[in-house]
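For reference, the structure is listed below as structure tokens.
The values are calculated or read from the model by the stated rules, or taken from the named source; none is laboratory data. These numbers were taken from a predicted model, which means no experiment stands behind them. So basically every Cβ, Gly included, is an ideal-geometry build from the backbone, and we count neighbours across all protein chains shown. All accessible areas refer to the heavy atoms of the entire protein, side chains included, with ligands and DNA or RNA removed. Shrake-Rupley method; radii C 1.70, N 1.55, O 1.52, S 1.80 Å.
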Amino acid sequence: MQTRRRRSKGGNGPLAGARILLFVTGGIAAYKSASLVRLLRRAGASVRVVMTAGAVRFVQPLTFDVLSEHPVCTDVFESPDGGGVRHIELANWADAAVVAPATADLLAKAAAGIADDLATTTILALRAPLLIAPSMNEAMWVSAPVRRNVERLAADGRRFVEPGTGHLACGEAGAGRMAEPEEIVRALGVLLAPGDLDGVRVLVSAGRTEEEIDPVRYLSNRSSGRMGFALAREAAGRGARVTLVHGPVDVPAPAVNRVTAVRSAAEMKRALGRAFPRCDVLLMAAAVADFTPARRAGNKIKRENGQLAVDLVPVPDILASLAERKKPGQLVVGFALETEDAERNARRKLADKKCDLLVLNRVGEKTGFGVDTNAVAVFGGQRKLFETPVVSKDEAAARIIDAVVGARARKGRS
Ligand code: C5P
């Protein structure tokens, strides 16, 4: 990524000596960016700050002047001291850049390549990696235009540290609150550290499928998409180029390189079949239907018809069919959720479906469907490699990706 990093006093982590360019845009979370500057300085980074016109309405530039020990830049037409062009000088200076908070307006402009102030013009000129920490009301965050812009930016290689859930300045509660400064610092550290999946192409499936019975009814399951999304985010954070294929879900998809939404198992099979030949790792976390109605009624089935029997036929096993045609360098990871004889079934599935690794989801109150926590056991060969206690799905994803990195290294040696 960057080759001209300097080492300096103030820590020896990935941020020590790094030049971080911070863009502050006009959201109420702008005040939190003052502690972000302090934390970055404490980690050994040099920080320069660009503020938009909106940002200076929320926080005085002097605050950032003092904390960063550099004059804050706001004007695209003002030349640097030694002459030259301000936005090019700033863009060339940075080892990494971060927008915190990023408003919906900034996302839209950056996605479209608009350059109408110092922040947007400098972002266009950046060659260094850019991390974006959005902050807005939940309705805005989930709105179609913002989703489109986030997807476009992710496809351009921009990284996101996604907003958390909690109390919002508008008085509502929900998703949209800017990630905490500590989390942004961690994400910048990951951005600057060489990733152990740098350039690896990872294909992730997530969510559930819906199998239509008639135009208004379908068969599905309770998968929320959270585990698959955590895996996609973790892989992207570690440098992978991530393609995500997901069925219906309960949470917004993470911003990774390519996202395809599907509905039925048949659509998922087609989308994965297209993407699989170009991936190095498949993480098959989707809860794909095992059965689908033998026939879909063309019209809504009437209750007056009395008792109803729906004939179900098995859905082809996508994972097994993809693993069947895997090439030597490809690694396939299956997932299983068992309610009885879990470990024996997990080992059997690993072999039957020709997976390199199999992740067993424990079923319990704090694990499995619809919650933010999970407990997993990972099998490889005929061995149980490890199991976790109940942890966050992000933590479980990090452990699973560690296992993927380990399995790839073993595969490379054999
Ligand atoms: O056999 P079982 O459904 O428990 O296996 C779960 C694993 O198989 C998961 O990785 C799931 O994504 C995958 N699967 C599939 N196609 C199906 C059903 C499950 O790829 N039709």
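Computed over region 237-372, the alpha-carbon pair-distance distribution with 5 angstrom bins reads 2, 8, 15, 18, 19, 16, 10, 6, 3, 1, 0, 0, each value a whole percent.
Considering Cα pairs under 8 angstrom that are at least six residues apart, work out the relative contact order of the chain and quote it in whole percent.
On the way: 901 pairs, mean separation 44.6, N = 414.
It comes to 11 percent, rounded to a whole number.
Roughly what % of DSSP beta bridges within the chain run antiparallel, to the nearest 5?
35 percent
A Förster radius of 41 Å combined with the Cβ-Cβ distance from LYS327 to ASN299 puts the calculated FRET efficiency at roughly 0.35.
By the combined test of axial Cα extent (at least 18 Å) and Kyte-Doolittle hydropathy (mean at least -0.5), the qualifying DSSP H helices of the chain come to 393-413.
Tell me whether region 114-230 comes out rounded, prolate or oblate; compute the Cα gyration tensor, take square roots of the eigenvalues as a ≥ b ≥ c, and use a/c under 1.5 as the rounded threshold.
On the way: a/c = 1.85, a/b = 1.44, b/c = 1.28.
Prolate shape, in that a/c is at least 1.5 and a/b is the bigger ratio.
Taking R0 as 30 Å, what FRET efficiency do you get between VAL251 and GLU343 from their Cβ-Cβ distance, rounded to the nearest 0.05? The formula returns an efficiency of 0.55 here.
A protection proxy built from the mean count of other Cβ atoms within 10 Å ranks the segments 378-386, 131-139, most packed first, as 131-139, 378-386.
Which order do the peptides 83-90, 17-24 come out in when sorted by mean C-beta neighbours inside 10 angstrom, highest first? If you can, show how the numbers build up before the last one.
Values: 83-90: 16.0, 17-24: 25.4.
Going by the mean number of other Cβ atoms within 10 Å, highest first, we get 17-24, 83-90.
Lysine pairs in region 296-382 with alpha-carbon atoms under 21 Å apart, 8 or more places apart or on different chains: how many are there? Could the numbers behind the result be given before it?
Details: LYS326/LYS349; LYS326/LYS353; LYS326/LYS354; LYS327/LYS349; LYS327/LYS353; LYS327/LYS354.
Eligible lysine pairs with Cα atoms under 21 Å apart amount to 6.
Per residue, the convex hull spanned by the Cα atoms of the chain amounts to 168 cubic angstrom.
Bridges between two residues of region 168-314, per DSSP, are antiparallel at a rate of about 30%.
Students often check this: by mean Cβ neighbours within 10 Å, which of 228-239, 365-376, 186-197 ranks highest, and how do the rest follow? Intermediate results must be reported in sequence, preceding the final value.
Values: 228-239: 26.1, 365-376: 16.8, 186-197: 19.3.
The packing order, highest mean first, is 228-239, 186-197, 365-376.
Rounded to a whole number, what % of the accessible area of the chain do carbon and sulfur atoms account for, probe 1.4 Å? The value for the chain is 50 percent carbon and sulfur by accessible area.
Per residue, the chain reaches -10000 deg cm²/dmol at 222 nm when only DSSP H runs of four or more residues are counted, each adding -39500 (n - 2.57). The mean accessible area for residues of the chain, using a 1.4 Å probe and ignoring ligands and nucleic acids, is 47 Å² per residue.
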